[in-house]
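Right, one structure below, let's go through it.
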Amino acid sequence: MTTGTPPPTVPKRSRARTFVPLGIAAWLVLEIWLLTVVVGAVGGLTVLLLLVGGLVLGGYVIKRAGRRAFRNLTETFQQQQSGVAPAAKPGNEGNALTMLGGLLLIIPGFLSDALGLLCLLPPVRKSVARFAERSLEKRVRAAAPGSFGDAFQQARIHYPDGKVVQGEVIRDDSPSAYSPREDRGQRPPLTP
């Protein structure tokens, strides 16, 4: 009979950790291949000008979407301070997708530029916004009932050997736990 702890088990690798790096590598290879094909067809200077144009256009798109988002945020704060409930304006959705499109335009490559331009189209932005809203609503409905504070009631300690120790956080909210310091006159200075 042997004593001791069993050998640690290696946690199973998630599918995302397996396929995301492979997808990024395939995307990079496809971008490089596409660049070489286009350079062979139209020339290096034209490809360089297209890449620089994508960089400039992407920067402009990100700057414009950021300004629009900041302006909307400022208007919302002003409306809340004046006591008016902020109303949702049609056509204001899609700042995140617009910024993603600008970022994809900045990344060198024709495939990323095509995806970036696709993200800038209003019908695509609306359909992605609707899909994201439906997906979020479905996940919220499927979540377990309870308040946000309930999430902090359970504490877990993960040890290196994979064991999980569950516990409960107990707070002492009695007035004696937070008794103020008695005033004993002037306090000494903090510097030595």
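The numbers here are math on the coordinates, done by the rules we state, and not lab data. In this text the structure is predicted, and so the values were computed from the model without any measurement. Cβ: placed from backbone, ideal geometry, glycine included. Neighbour counts: every protein chain shown.
One equal scatterer on each Cα of the range 14-89, no solvent, Debye formula: the resulting log10 I(q)/I(0) at q = 0.15, 0.24 Å⁻¹ is -0.78, -1.03. Model label sites at R71 and L50, defined 7 Å from Cα along the beta-carbon direction, differ in position by 3.3 nm.
The protection proxy used here, the mean number of other Cβ atoms lying within 10 Å of each residue, ranks peptides 109-118, 73-82 as follows, highest first: 109-118, 73-82.
Spatially, the range 58-81 and the range 97-143 are offset by 18 Å when compared through their Cα centroids.
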